[in-house]
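The structure under discussion appears below in the form of structure tokens.
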Amino acid sequence: NKIREAEAVLKEFGVRVKPIAVTKTEIQHNSLEEIARFAAIQVYTKVRTPVAVEDSGLFIEKLNGFPGPYSSYVYKTIGLKGILKLLEDYKDWEFRKATFIAVIAYALSENNVVVFKGVTEGHISFEIRGGGGFGYDPIFIPQGSIRTFAEMSIEEKSFYSHRGKAFRAFGEWLIKNSDILSKAKEKSL
Ligand code: IMP
């Protein structure tokens, strides 16, 4: 799903995405940036070519930012129903504020990592809605829309989403820095 979303955005910049299957460590850390940075360097040392790793999380205001960096574990354990249950006493829309954050760490070498961040504010819906997307998409409604991410096409989700914003910043950087990129690629060959 993440690859599909990255492709939808990066094609606008003439950039193709090549997924690679490499095992990486997802460290336990409060910062998405540190998690992505660590994994990008680790993967770079294995593949020795510039590589991007993306890490994301959902931060719910009334739960003090939970599940945040633990979003993946929480999704697999309590799931969407568990999150809705934790918020069941918060009937007021304002109490259901949440933020999605995506961080892309692009390793050009072991000690040169560029980071891009995308942030999308929104609310947790009252019920699970929509059949598209993945993860928390059926319960997240971005600011400016009345639909959940799961009720949108990839293009529409990317317009609003944390990942769309992060990959647009990455795409712009790639265009501006094509010379740095060619040098890093030459070095890695
Ligand atoms: P990770 O970045 O793969 O660690 O993802 C963290 C968790 O957040 C996973 O459970 C994903 O399913 C979820 N997640 C990440 N991005 C999105 C998104 O765009 N929509 C919905 N859930 C997401």
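The values are calculated or read from the model by the stated rules, or taken from the named source; none is laboratory data. Owing to the predicted nature of the structure, the values given are computational and were not obtained by experimental measurement. Counting neighbours? That spans all protein chains shown, and the Cβs are built from the backbone with ideal geometry, glycine included. Quick note on the areas: whole protein, heavy atoms, side chains included, nothing else; ligands and nucleic acids left out. Shrake-Rupley method; radii C 1.70, N 1.55, O 1.52, S 1.80 Å.
Only Cα pairs under 8 Å and at least 6 apart count here; give the relative contact order of the chain as a rounded whole percent.
On the way: 345 pairs, mean separation 42.5, N = 189.
Relative contact order comes out at 22 percent.
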(request) With label points built 7 Å along Cα→Cβ from the Cα atoms of Leu63 and Val119, find their separation and express it in nm. (result) 2.0
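Where does the chain land on Rg/Rh, using Cα atoms and the Kirkwood Rh?
Taking Rh as the inverse mean 1/r over Cα pairs, Rg/Rh reads 1.00.
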(request) Using a Förster distance of 22 angstrom, determine the FRET efficiency expected from the C-beta separation of Lys24 and Phe134, and round it to 0.05. (result) 0.70
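Could you work out the Rg to Rh ratio of the range 112-173, with Rh taken as the Kirkwood radius (inverse of the mean 1/r over all Cα pairs)?
Values: Rg = 12.5 Å, Rh = 12.1 Å.
On the Cα set of the range 112-173, Rg over Rh gives 1.04.
Relative contact order, percent, of the range 90-173 when contacts are C-alpha pairs under 8 Å separated by at least 6 residues?
On the way: 153 pairs, mean separation 24.1, N = 84.
Contact order relative to length: 29 percent.
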(message) Accessible area per residue for the range 133-189 in Å², computed with a 1.4 Å probe and the full protein assembly in place, what is it?
(response) 51
(request) For the range 116-129, just list the computed ³J(HN,Hα) in residue order, Karplus coefficients 6.51, -1.76 and 1.60, θ = phi - 60°, integers in Hz, with x standing in for Gly and Pro. (result) 10, 10, x, 10, 10, 7, x, 9, 8, 5, 7, 8, 6, 9
(request) Pick out, from Phe159, Val115, Gly144, the residue whose Cα sits farthest towards the positive end of the charge dipole of the range 104-189, with +1 on the Cβ of Lys and Arg and -1 on the Cβ of Asp and Glu. (result) Val115
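Within the set Lys2/Lys24; Lys18/Lys185; Lys2/Lys85; Lys91/Lys117; Lys62/Lys85, which residue pairs have Cα atoms separated by over 19 Å?
From the list (Lys2/Lys24; Lys18/Lys185; Lys2/Lys85; Lys91/Lys117; Lys62/Lys85), the Cα-Cα distance tops 19 Å for Lys2/Lys85; Lys91/Lys117.
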(message) What does the charge count around Ala150 come to, taking other residues whose C-beta lies under 10 Å from its C-beta (Lys +1, Arg +1, Asp -1, Glu -1)?
(response) +1
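How long is the gain from Lys11 to Thr49 if the chain were fully straight, where each residue apart is worth 0.36 nm and the alpha carbon distance is subtracted? Write out the running numbers ahead of the final one.
Numbers: separation 38, 0.36 × 38 = 13.68 nm, distance 2.06 nm.
Stretched out fully, the Lys11 to Thr49 stretch lengthens by 11.6 nm.
Pull out a ≥ b ≥ c, the square roots of the eigenvalues of the alpha-carbon gyration tensor of the range 6-68, then state rounded if a/c is under 1.5, prolate if not and a/b is larger than b/c, and oblate in the remaining case. Don't skip to the end; give the middle numbers.
Details: a/c = 3.22, a/b = 1.41, b/c = 2.28.
Oblate.
Quick one: pull the percent of accessible area on the range 46-189 belonging to carbon and sulfur, 1.4 Å probe, ligands and nucleic acids left out.
Working: 4030 of 7300 Å².
Taking all protein chains in place, the range 46-189 shows 55 percent carbon and sulfur surface.
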